[in-house]
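The values are calculated or read from the model by the stated rules, or taken from the named source; none is laboratory data. Keep in mind that this is a model prediction, so the values were computed, not measured. Glycine also receives a Cβ, built like all others from the backbone with ideal geometry; neighbour counts cover every protein chain displayed.
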Amino acid sequence: MINTKNNLYKFTKGLTLLYVEEDSDTIKSNLSLFKKYFNEIIIAKKPEKALRKLKKYDVDILISEISFINFDGIKFFKKIKRLNKNIIKIILSNENRSSIFEKSINISINAYIVKPLKKKKLKKILNNSIPEYLVYKKDKSNIKLLEQYQEIVDKNTIVSKTNPDGIITYVNDNFSKISGYTKKELIGKSHNIVRHPDNSKEMFRDMWDTIKNKKEEWSGIIKNRTKSGTSYYVKSTITPIFDKNGNIIEYIGVRNIVNSIISDKKHLIEKIATSDISLLVLIQIEEFEVLDKFYNTKTINEIENVFGLELLKYLPNGYLFDNIFNIENGRFVLLTDFFNYLNSGQNIIEYLNTFVKTVNKSMLIIDEIEYDLNIVVSYSFGKENLYEDAKCGLDEVLAKNDLIKNANDTSIKEQSKAKNNLEIMKIVKIALENYKIVSFFQPIINNKTREIEKYESLVRLIDEKGKILTPFHFLEISRKSNYYNKITMRVLENSFKILDIINTKLSINISFSDIEKEETRNKIFELISLYEKDSNRIIFELLENEEIKDFQVVKNFIRKVKKQGVKIAIDDFGAGYSNFERLSDFEPDILKIDGSLIRNIATSGYSRNIVETIVAFAKKQNIQTIAEFVENKEIFDILNVIGIDYSQGYYFGKPENLCS
């Protein structure tokens, strides 16, 4: 990989970019970034013109949309491949459906970027793609670039060359330094001189079949040993080099030391946060607590350290993860870029199935003592809550005492769910862009007068077909992305605007985790200031959730908004996380009784008893009560007998768009 910004520019400035995009504004937006990397940029607005330009010019890199008007993007890329199979092909598109990703893999693209284009993402892709592309460049103008790149590689990696029989003809200084052998001792020998006997014969049979018979590149983890006998692991990529007739003339091996395994969970979380979409695999040594009690701390640490290194060689050939984390208690994390893995063509279920079976059949040997370790795994991909999601999946597997088969079943379910989530995320994105995240308002009735005294603001999404979706279909999924904050902001804006139309009070839902976000608090205070004369008509319905980290922030928020005349209601009271203990902290003006209790109040004595207890307590504390899910007259009559102040439900009115 090219390691510095200056080196990357040195390579890209000598290459020609063909940029295909139909939208003029998008072209203008991205052109300034492309000019930093490329001196020569060819622009085509139509794929037909791009194909003609490709025949006319010596193009090195293609960056293109895949969704064209009146032209099949997949067919376009297939034609590109036929014209120039070695060109670097990058898709830059609004399309983020999994079906498009899969089709893209089949046409051998180098990378898939979901718009908007970010400098960090482009730089990473160029770093990964250009070295391999330069190997294919045969013209004299690039020989010097290749030599410069080899110098960079030599400084940072272990490099060797062998003849077709596997005899070493060249090693760089790093190879000699790491192995402890001099170049004279290495050249003329086979790589067996540094190979550790722990490596399986099957791995080397697969390697030679790949590079010699299939004539393809091979990647894998190899355990080596130095001249003094010390073990070390290398992440190896071995590539056959051909003459003009397609005959193999030598093999080039590029290796990186992988002995260091990160042992910091905080670093893992930071790595996920600063990456794009990642794939995370969480590994658990089964019955680790038993091992921990049976052996002393030193032995346990040694088991974890050795297993961490050994698991590298258990990974199936075809894809190697970028990062490995030992997060203690027998748990390890493999982390990589999701699209890099997708581009490898590996099936995640088959990959993990092979991995787990290999580990469970193996024996860990430390100081001649054998440890029979078994593992289970869980995985997730995305950007938000990756580790948490994988941990929940792993906990479920362990709780059910399942092994790999059950874990795979869970993975299949998650994979299907993830595909559906991507579709929903696209719907949310489009809705936000087109201001189709709207607020509907449901009336809240004074039980004595039967007049509307309040409305509750409820978020809705209108999709491209005009269908109105309730939060059930999109809100929880949106919580795992940046879209959730945007939805919250849109709902707050919509809700406050309605104050100009209605003359009643307005109730707005907000969760404790929303309040913890400084951005949300600032937005709320900004809107309260803007609608200062109406602040006494505003009610915040607080929904308590388990993610809350700092109750003091919530308490300070409540205290501040109440000083400005805003009323506070506790939502879903009597179920979930809401309880009497919290009331002394938040001093609410209103308790909104959970709908599950109200819905069953006519048939369940238990539900009625709870509701009566809540109402009795509220009256003593001078707190108003609202019952939600009031669906018929029978329920309403019971609520009146009990003494509830307000009712909300389909018996009085459904949520509607008051702005239309």
The condition of being closer than 30 Å to Gly382 by Cα, crowded, with 18+ Cβ neighbours inside 10 Å and at pLDDT below 80 holds, among Lys235, Lys265, only for Lys235
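Is it the case that Glu656 is within 16 Å of Phe440 (Cβ to Cβ), of a type outside the set (Gly, Ala, Ser), surrounded by fewer than 18 Cβ atoms within 10 Å (Cβ to Cβ) and touching a residue at least 24 places away in the same chain (Cβ under 8 Å)? Give the derivation first.
Details: within 16 Å of Phe440 (Cβ to Cβ): yes; of a type outside the set (Gly, Ala, Ser): yes; surrounded by fewer than 18 Cβ atoms within 10 Å (Cβ to Cβ): yes; touching a residue at least 24 places away in the same chain (Cβ under 8 Å): yes.
Yes; evaluated as a whole, the condition is true for this residue.
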Residue set Lys81, Lys53, Lys35; condition at pLDDT below 85 and either surrounded by fewer than 20 Cβ atoms within 10 Å (Cβ to Cβ) or assigned to a helix (DSSP H, G or I) (or both); output residue Lys81
Within segment 461-478, track down each residue that is surrounded by fewer than 16 Cβ atoms within 10 Å (Cβ to Cβ) and within 17 Å of the chain's Cα centre (by Cα).
-> Glu476
Considering segment 312-354 alone, what residues qualify as being without any contact (Cβ under 8 Å) to a residue 60 or more places away in the chain and part of a helix (DSSP H, G or I)?
-> Tyr314, Glu350, Tyr351, Asn353, Thr354
Scan Lys227, Lys215 and give me the residue that is among the basic types (Lys, Arg), in a loop (DSSP other than H, G, I, E, B), in contact with a Phe, Trp or Tyr (Cβ under 6 Å, 6 or more places away or on another chain) and over 30 Å from Glu384 (Cβ atoms).
-> Lys227
Which pairs do you get when a residue that is within 14 Å of Ile437 (Cβ to Cβ), found in segment 480-498, comes within reach of a residue that is part of a helix (DSSP H, G or I) and small (Gly, Ala, Ser), reach meaning Cβ atoms under 8 angstrom, with the pair 6+ apart or on two chains?
-> Tyr484/Ser478; Ile487/Ser478
